[in-house]
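Since the structure comes first, as structure tokens, the remarks are kept for the end.
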Amino acid sequence: MNASSEQILKDFDTYVSEEKKIEPKDWMPDAYRKTLVRQISQHAHSEIVGMLPEGAWITRAPSLKRKAILLAKVQDEAGHGLYLYSACETLGVERADLVDDLLSGKAKYSSIFNYPTPTWADIGAIGWLVDGAAIMNQVPLCRCSYGPYARAMVRVCREESFHQRQGYSIMMSLMEGTEAQRKMAQDALDRWWWPSLMMFGPSDKDSKHSAQSIAWKIKRFTNDELRQRMVDMTVPQAELIGLKMPDPDLKWNEEKGMHDFGEIDWEEFYDVIAGNGPCNAERLETRNKAHDDGAWVREAALAYADKKAKK
Amino acid sequence: MSNNNWPLWEVFIRSKQGLSHRHVGSLHAADAEMAIGNARDVYTRRQEGVGIWVVPASDITSSSPDDSEKLFDPANDKVYRHPTFFVLPKEVDHM
Amino acid sequence: MTNSQLTDILLRLGDDSLVLSQRLGEWCGHAPILEEDIALTNIALDLLGQTQSYLTLAGNLLSETKTDDELAFHRDATDFQNLLLLEQPNGHFGDTIARQFLFDIFSLLKVQHLASQSVNTDIAAIAAKAVKEIRYHVDHSSKWVVRLGDGTPESHDRIQKSINDLWKFTGEMFMCDESDNAGTQAGLLPDYTSMKIEWLSRVEDTLNEAGLTIPENVDMKSGGRRGQHTEHLSIMLEEMQVLPRLHPGANW
């Protein structure tokens with residue numbers, strides 16, 4: 001790299017360090033643009049794939065009110081996907097290409113959505129834990145350096161807190177219910193706790209993207225920092241409604257003022273990321289089918305618009 | 001439009017009477033009517049809209065950041081355009 | 001109009017919107033494009049809100065009061081009074097749009113009348129809100145009928161077949177029994193004969209614009225209003241009602 005391009009990079013780093021925003025047409029390092037495209041599109045894909053495990057319970061929601069709430073929540077997720085694809089497109093990529101990458105298996109999305117939702121309590125657990133973890137990740141991103149992403153995050157965060165509350169409210173109702181309902185809730189927590197903690201990504205020492213992302217304010221806190229916050233926030237919420245955390249090593253550390261918790265099974269994490277999770281294949285198949293089955297519809301709409309334009 | 005991809009539209013929402021339309025994001029639609037409908041579904045679910053504009057993204061002309069200096073800097077030293085530039089006696093300062 | 005007749009009228013309104021909402025909910029995550037996922041779930045949500053309102057009113061009229069949930073989750077198929085049209089499976093997007101369109105036009109005419117009558121102010125209030133939602137539904141489904149009818153040769157053929165296949169269920173919308181007639185006589189419901197004429201005229205307008213035709217010599221099916229349904233309904237209800245049936249008395 002020659003002296004002047006080194007200077008441009010230094011100027012960019014300084015600019016970002018002063019909490020100033022980068023907007024779509026501004027100059028940005030290639031690596032900055034690439035990282036953003038990867039991060040934002042992964043986030044968008046996660047919202048879209050995330051509609052599936054929850055969407056599966058819309059037809060079986062146990063009351064009209066719960067059905068309406070779940071419909072609204074899943075609708076929000078589609079909307080979040082849209083805001084994020086929209087933010088990503090400002091970086092010079094096309095949504096169609098991003099979607100192709102998702103459908104071909106090339107692009108990643110949050111591994112949490114590769115787990116199944118066998119019971120209604122899973123819907124509660126997802127709202128409480130998965131959306132809870134997402135909020136933890138997303139609130140700091142409202143101040144990220146890239147304008148469109150930050151603004152999309154503000155919109156998303158406004159809508160997301162309803163998601164977590166409705167999930168917790170489901171768990172509360174179950175824990176106040178019959179023995180079968182309480183068992184259902186505890187079982188869901190047992191299955192979703194560790195995967196939720198894995199949502200924050202690998203341990204800091206194993207995370208390859210983190211340092212640069214933090215310098216460029218695309219990431220505001222480290223994986224381990226957020227994970228710790230999640231544990232400390234969730235434990236009292238579980239205790240309040242009588243749920244037991246599935247971690248024998250979990251205990252309050254008076255000295256540090258936070259909870260110590262058990263080791264994460266990283267093998268499972270990497271396995272699921274690599275595509276061997278319980279539902280990886282199914283999720284992609286479903287999205288591919290929707291895309292293929294809908295091709296004639298998308299074509300028709302374009303053909304009609306073309307005809308009208310020519311008139 | 002042979003590539004089967006719906007074009008991109010930018011969406012502007014007027015959230016309340018008295019306010020102007022603000023850019024909120026973008027979406028894909030095959031035609032303008034669909035774009036309005038989609039914008040309504042995506043961006044006004046929480047009573048955040050009383051009016052919608054949709055514009056094909058390709059129809060928007062934007063200034064280039066490279067031109068920012070010549071477009072915007074000259075305004076910086078014409079401070080007399082701002083009311084605060086003029087120091088007036090206290091008795092008439094409410095102007 | 002007796003209580004029992006009014007109950008039938010309300011159950012028909014509630015069951016129509018419930019069954020259709022349930023069908024639309026199945027589309028979540030499977031629509032041809034993300035924007036349409038949002039549009040269809042939006043319509044499902046509107047219909048669900050209407051369901052809750054109508055079924056709550058219906059439940060209050062029963063000798064033993066029932067909630068909207070009790071009516072939705074603890075009645076068997078033979079007690080549901082929805083139109084056969086609405087329990088038909090989603091099929092492909094064109095089938096869903098055709099079903100939606102044919103019902104939306106009918107629903108708009110019916111609910112517009114409900115909103116403007118003063119025989120029952122509870123129903124008028126529900127209808128006043130519902131009318132705005134249904135107008136948007138009509139907009140959405142009509143525009144899609146035209147896009148598909150006048151899109152590509154493939155889309156034209158597909159939606160023409162959808163219309164052809166579903167037409168036999170449209171007659172039922174205008175078949176009146178004792179309860180409907182009592183409603184019309186009381187001024188609560190519109191006159192079904194003139195509603196049918198208006199419905200046909202509007203449907204024809206849109207189909208013409210779409211380059212689509214109405215099939216001829218179709219034998220109309222009915223029975224939904226009498227609790228005589230196609231097999232589709234019991235399968236749908238089995239899925240919908242599974243949890244409350246498995247855990248009687250539980251709160252969710």
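Can you tell me which residue among C:Thr41, C:Thr2 is more than 14 Å from the chain's Cα centre (by Cα), among the β-branched types (Val, Ile, Thr) and over 17 Å from A:Gln75 (Cβ atoms)? Please lay out each step first, then the result.
Numbers: C:Thr41 fails: over 17 Å from A:Gln75 (Cβ atoms).
Of the residues listed, the single one that is more than 14 Å from the chain's Cα centre (by Cα), among the β-branched types (Val, Ile, Thr) and over 17 Å from A:Gln75 (Cβ atoms) is C:Thr2.
Out of (1) within 8 Å of chain C (Cβ to nearest Cβ); (2) farther than 18 Å from B:Leu27 by Cβ, the odd one out for A:Gln75 is which?
(2) is the only condition that A:Gln75 fails.
Which residue, of C:Ile214, C:Ile235, is within 23 Å of C:Val138 (Cβ to Cβ) and out of contact with any helix residue (DSSP H, G or I) (no Cβ under 6 Å at 6 or more places or on another chain)?
C:Ile214
Out of B:Ser62, B:Ser20, report the one residue that is over 22 Å from A:Ala309 (Cβ atoms), at the interface with chain A (Cβ under 9 Å from one of its Cβ atoms) and surrounded by fewer than 10 Cβ atoms within 10 Å (Cβ to Cβ).
Matching residue, one of B:Ser62, B:Ser20: B:Ser62.
Tally the residues that are more than 18 Å from the chain's Cα centre (by Cα), surrounded by 15 or more Cβ atoms within 10 Å (Cβ to Cβ) and assigned to a helix (DSSP H, G or I), restricting the search to the stretch C:186-214.
Selection size over the stretch C:186-214: 4.
Residue-wise test of (1) surrounded by 21 or more Cβ atoms within 10 Å (Cβ to Cβ); (2) closer than 21 Å to B:His23 by Cβ.
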{"position": "A:Glu19", "(1), (2)": "no, no"}
{"position": "A:Ile22", "(1), (2)": "yes, yes"}
{"position": "A:Asp30", "(1), (2)": "no, no"}
{"position": "A:Leu52", "(1), (2)": "yes, no"}
{"position": "A:Lys65", "(1), (2)": "no, no"}
{"position": "A:Asp97", "(1), (2)": "no, no"}
{"position": "A:Gly105", "(1), (2)": "no, no"}
{"position": "A:Tyr109", "(1), (2)": "yes, no"}
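In the stretch A:258-311, which residues are away from every other protein chain (no Cβ under 14 Å) and more than 27 Å from C:Gly29 (Cα to Cα)?
Matches in the stretch A:258-311: A:Met258, A:His259, A:Asp260, A:Phe261, A:Gly262, A:Glu263, A:Ile264, A:Asp265, A:Trp266, A:Glu267.
Out of the helices (runs of 4 or more DSSP H) lying entirely within the stretch C:49-138, which hold 1 or more residues that are of a type in the set (Val, Ile, Thr)?
C:93-116
Does A:Pro24 fit the bill of being outside any helix (DSSP H, G or I), over 20 Å from C:His30 (Cα atoms) and within 14 Å of chain C (Cβ to nearest Cβ)?
no
Considering only residues that are within 18 Å of C:Ala39 (Cβ to Cβ) and of a type in the set (Lys, Arg), look in the stretch C:133-160 and name the one that is surrounded by the most Cβ atoms within 10 Å (Cβ to Cβ).
My answer is C:Arg147.
Look at the stretch A:57-72 and say how many of its residues are more than 7 Å from every other protein chain (Cβ to nearest Cβ) and assigned to a helix (DSSP H, G or I).
3
Output the number of the condition that C:Ser4 fails; it satisfies all remaining conditions of (1) among the small types (Gly, Ala, Ser); (2) surrounded by fewer than 20 Cβ atoms within 10 Å (Cβ to Cβ); (3) closer than 25 Å to C:Asp157 by Cβ.
(3)
From the list B:Ala35, B:Ala30, exactly one residue is over 21 Å from the mean Cα position of the chain (by Cα) and within 14 Å of chain A (Cβ to nearest Cβ). Which is it?
B:Ala30
Can you report the number of residues in the stretch B:39-52 which are over 15 Å from A:Arg158 (Cβ atoms) and more than 9 Å from chain A (Cβ to nearest Cβ)?
Residues that pass the stated criteria total 5.
When you go through B:Arg46, B:Arg40, B:Arg22 one by one, which is the residue that is of a type in the set (D, E, K, R) and at pLDDT below 90?
Only one candidate qualifies: B:Arg46.
Wholly within the stretch A:90-167, which helices (runs of 4 or more DSSP H) include no fewer than the required count, namely at least 3 residues that are under 15 Å from the mean Cα position of the chain (by Cα)?
Filter on the stretch A:90-167 gives A:131-141.
Against the condition assigned to a helix (DSSP H, G or I), exposed (fewer than 14 other Cβ atoms within 10 Å of the Cβ) and touching a residue at least 40 places away in the same chain (Cβ under 8 Å), how does A:Gly242 come out, does it pass?
No.
Checking the conditions here, which among A:Ser213, A:Ser173, A:Ser169, A:Ser207 is in contact (Cβ under 8 Å) with a residue 60 or more places away in the chain and among the polar types (S, T, N, Q)?
Of A:Ser213, A:Ser173, A:Ser169, A:Ser207, the one residue that is in contact (Cβ under 8 Å) with a residue 60 or more places away in the chain and among the polar types (S, T, N, Q) is A:Ser213.
May I ask you to verify whether A:Tyr85 is away from chain C (no Cβ under 12 Å) and assigned to a helix (DSSP H, G or I)?
It is false that A:Tyr85 is away from chain C (no Cβ under 12 Å) and assigned to a helix (DSSP H, G or I).
Pick out the one residue from A:Asp224, A:Asp247, A:Asp232, A:Asp271 that is of a type outside the set (A, V, I, L, M, F, W, C), surrounded by 14 or more Cβ atoms within 10 Å (Cβ to Cβ) and free of Cβ contacts under 8 Å to residues at least 12 places away in the same chain.
The unique qualifying residue is A:Asp271.
Please verify whether A:Glu54 is under 22 Å from A:His163 (Cα atoms), within 17 Å of the chain's Cα centre (by Cα) and more than 9 Å from chain C (Cβ to nearest Cβ), treating the condition exactly as stated.
No: the conditions fail for A:Glu54.
Among the residues of the stretch A:289-311, is there at least one that is out of contact with any Pro (no Cβ under 8 Å at 6 or more places or on another chain), farther than 30 Å from A:Asp97 by Cβ and outside any helix (DSSP H, G or I)?
Yes: one or more hits.
Taking the stretch C:230-249 as the search range and keeping residues that are assigned to a loop (DSSP other than H, G, I, E, B) and either touching a strand residue (DSSP E or B) at 6+ places or on another chain (Cβ under 8 Å) or buried (at least 16 other Cβ atoms within 10 Å of the Cβ) (or both), which one is farthest from the other protein chains (Cβ to nearest Cβ)?
C:Thr230
Mind telling me which of the residues C:Asn60, C:Asn90, C:Asn82 ends up being within 17 Å of the chain's Cα centre (by Cα) and surrounded by fewer than 16 Cβ atoms within 10 Å (Cβ to Cβ)? Reasoning before the result, please.
On the way: C:Asn60 fails: within 17 Å of the chain's Cα centre (by Cα); C:Asn82 fails: surrounded by fewer than 16 Cβ atoms within 10 Å (Cβ to Cβ).
Checking each option against the conditions leaves just C:Asn90.
The values are calculated or read from the model by the stated rules, or taken from the named source; none is laboratory data. Being a predicted model, the structure only gives us computed values, none of them experimental. Note: ideal-geometry Cβ built from the backbone for every residue, glycine included; neighbour counts use all protein chains shown.
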